[in-house]
Amino acid sequence: MTAVGIDAMEIWTGKLKLDLAETFAPAQGDDPGKYTKGLGLHASSFPDVHEDIVTMAANAAHRLMDRKGLEPEDIGRIDVATESSFDNSKPVSTYVAGCLEKVYDGDFHHANKGERKFACISGTQSLDDAYNWIRAGRNRDRAAIVIATDTALYARDDPGEATQGAGAVAMLVDEDPDLVELSTEQGFGSADETDFLKPNQQFPSVDGKRSVNVYLARMREALDDFASVSGDIHPDDYPLIPFHTPFPGMVRKAAALGYRHITRDTEIEDELAEEIGYQPVPDAYDSDEAFYEAIREYTGALTETERYQEWYAETIDPTLEISRHVGNWYTGSVHIARAAGLKHARENGRDLDGKQLLVASYGSGAQAEVHAETVVEGWEDEIAQLNVDEQIRQRYEMSFEEYEQIHDVHNHDAEADAEAFTEPSEEFVFDGWGRMGERTYTYVS
């Protein structure tokens, strides 16, 4: 069976930066630790005046194709996942293809194009679609480009405002990949939920506490479902576990739940029992409330153990290094977590050849997916090509007044105009409106 997976990836972050501790917190009258320690975020990325979900997606895809020496004829499918779409009919992928056709001799008229929507998990669903398309033999020796692109804006003074972010991740999906091979086994947890939604509106309506609980419940179901087809899951089997990361503080909760879940009835639980006891079981309690309180107490004690903290520092924390500085990218968040983890491994000389990642995606509404990815020999060469650190360093740092201005520019309901803060170079830019109200784009060399 021919391996199928991610051959290469590229990241494009919004070109503006909002420092949460130095700029946002003082303006809100908040302690900076509310963001840096509570949420685990230091900064957010934003699109400049000439940027949007199309330009970020097209720029990431262009860099990917150029680096891999690809032409349009090599690509048979372009899938875009986003929850920031501005058209209810025309998919973002057609805009992206139109942009790319401005810089290549060929065209993408032969390529299948689509747009996926299921909140943040749609980036992983698009990856699944491309994988299935190739495994079914319908690709005709062509590769797929999967792009997750979002501008994650909240209404001003919304509790989620500090988690905002903007950027795109482009992934080349092909046979015999050079980065990771996707597993055939998947696990799902899905239910009809109203934790986070946008009913004909740009900014989300969020039930924050419920959203956290739904995220954790669906993740637990997906872990169980994955284990039912892959066999027992052991924490030592996975050197990195990239999670959907709306903000790193959420991952701290998910990691604790996951670790507790997959160490149950293992030698790890036996060893930890000497320090914190065994995990509570429902039959030992008179009510669900008492059981859940015992679970909370056990989980709190678990996270204070040296064994858990060492596991978290090695397996989870490296995957958060990018998100801390760019915020939530919705559909792209789990994919920058993968990139961050692999990047950290390369920089620290970790040997991941043939090792497996456990990738945990989530989308509100709600669904979680867990699958494994095998790291392919030579992955370091692919990860070395990422220039995300340079992009993060080169962002324009906004004052709070400038942030307010750029927020209005990207608010569909606000009439705002502003000069760009950065000078575009060798990139696609938004340049105005067409005769039917469509957005138009050009390439600035």
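The values are calculated or read from the model by the stated rules, or taken from the named source; none is laboratory data. Since we're looking at a predicted model, the values are computed, not measured. Glycine also receives a Cβ, built like all others from the backbone with ideal geometry; neighbour counts cover every protein chain displayed. Each accessible area value is taken on the protein alone, full model and side chains, heavy atoms only, with ligands, DNA and RNA left out. Shrake-Rupley method; radii C 1.70, N 1.55, O 1.52, S 1.80 Å.
What to note about this one:
- Selection status of E83, under 16 Å from I53 (Cα atoms) and of a type in the set (D, E): yes
- Scanning the range 54-76 for residues that are over 19 Å from N387 (Cα atoms) and in contact with a helix residue (DSSP H, G or I) (Cβ under 6 Å, 6 or more places away or on another chain) gives a single hit, V54.
- Candidates in the range 310-345 are the residues that are assigned to a loop (DSSP other than H, G, I, E, B) and in contact (Cβ under 8 Å) with a residue 24 or more places away in the chain; of these, the one that is surrounded by the most Cβ atoms within 10 Å (Cβ to Cβ) is W329.
- Count - residues of the range 223-249 that are farther than 13 Å from T319 by Cα and assigned to a helix (DSSP H, G or I): 11
- Among the residues of the range 223-234, the ones that are under 17 Å from A255 (Cβ atoms) and exposed (fewer than 14 other Cβ atoms within 10 Å of the Cβ) come to 1 in all.
- Check on A162, out of contact with any His (no Cβ under 6 Å at 6 or more places or on another chain), open to solvent by less than 30 Å² (accessible area, probe 1.4 Å) and either on the phi > 0 side of the Ramachandran plot or assigned to a helix (DSSP H, G or I) (or both): yes
- Test: Q279 is within 24 Å of the chain's Cα centre (by Cα), over 30 Å from G14 (Cβ atoms) and free of Cβ contacts under 8 Å to residues at least 24 places away in the same chain: no
- Residue within the range 113-123 that is part of a helix (DSSP H, G or I) and open to solvent by less than 20 Å² (accessible area, probe 1.4 Å) present: yes
- Identity of the residue in the range 408-427, hydrophobic (A, V, I, L, M, F, W, C) and in a loop (DSSP other than H, G, I, E, B), that ends up surrounded by the fewest Cβ atoms within 10 Å (Cβ to Cβ): A414
- Consider the range 165-183 and keep the residues that are in contact with a His (Cβ under 9 Å, 6 or more places away or on another chain) and of a type outside the set (G, A, S). The one that is nearest to D225 (Cα to Cα) is L182.
- Only one of E423, E382, E404 that is under 27 Å from G123 (Cα atoms) and not polar (S, T, N, Q): E382
- Count of the range 187-215 residues, restricted to those that are more than 21 Å from I336 (Cβ to Cβ), in a strand (DSSP E or B), open to solvent by less than 60 Å² (accessible area, probe 1.4 Å) and touching a residue at least 24 places away in the same chain (Cβ under 8 Å), is 2.
- Taking residues in the range 434-445 that are touching a residue at least 24 places away in the same chain (Cβ under 8 Å) and in a loop (DSSP other than H, G, I, E, B), and partners anywhere that are surrounded by 12 or more Cβ atoms within 10 Å (Cβ to Cβ) and among the charged types (D, E, K, R), the pairs with Cβ atoms closer than 8 Å and at least 6 places apart or on different chains are E438/D87; E438/K90.
- The range 277-309, residues that are of a type outside the set (A, V, I, L, M, F, W, C), under 19 Å from G258 (Cβ atoms) and outside any loop (DSSP other than H, G, I, E, B): Y292, R296, E297, Y298, T299, G300, T303, E306, R307, Y308, Q309
- Being assigned to a helix (DSSP H, G or I), open to solvent by 60 Å² or more (accessible area, probe 1.4 Å), touching a residue at least 24 places away in the same chain (Cβ under 8 Å) and in contact with a His (Cβ under 8 Å, 6 or more places away or on another chain) holds for only one residue in R156, R220, and it is R220.
- Once the range 251-276 is narrowed to residues that are without any contact (Cβ under 8 Å) to a residue 60 or more places away in the chain, of a type in the set (K, R) and closer than 20 Å to Y215 by Cα, the residue that is least open to solvent (accessible area, probe 1.4 Å) is R260.
- Which listed residue, of D66, D31, D48, D52, is farther than 28 Å from M9 by Cβ and of a type outside the set (K, R): D31
- Qualifying residue in the range 61-69 (condition: more than 26 Å from H325 (Cβ to Cβ) and open to solvent by 10 Å² or more (accessible area, probe 1.4 Å)): yes
- Looking only at residues of the range 380-399 that are touching a strand residue (DSSP E or B) at 6+ places or on another chain (Cβ under 7 Å) and within 18 Å of M171 (Cβ to Cβ), we find that the one that is surrounded by the fewest Cβ atoms within 10 Å (Cβ to Cβ) is Q391.
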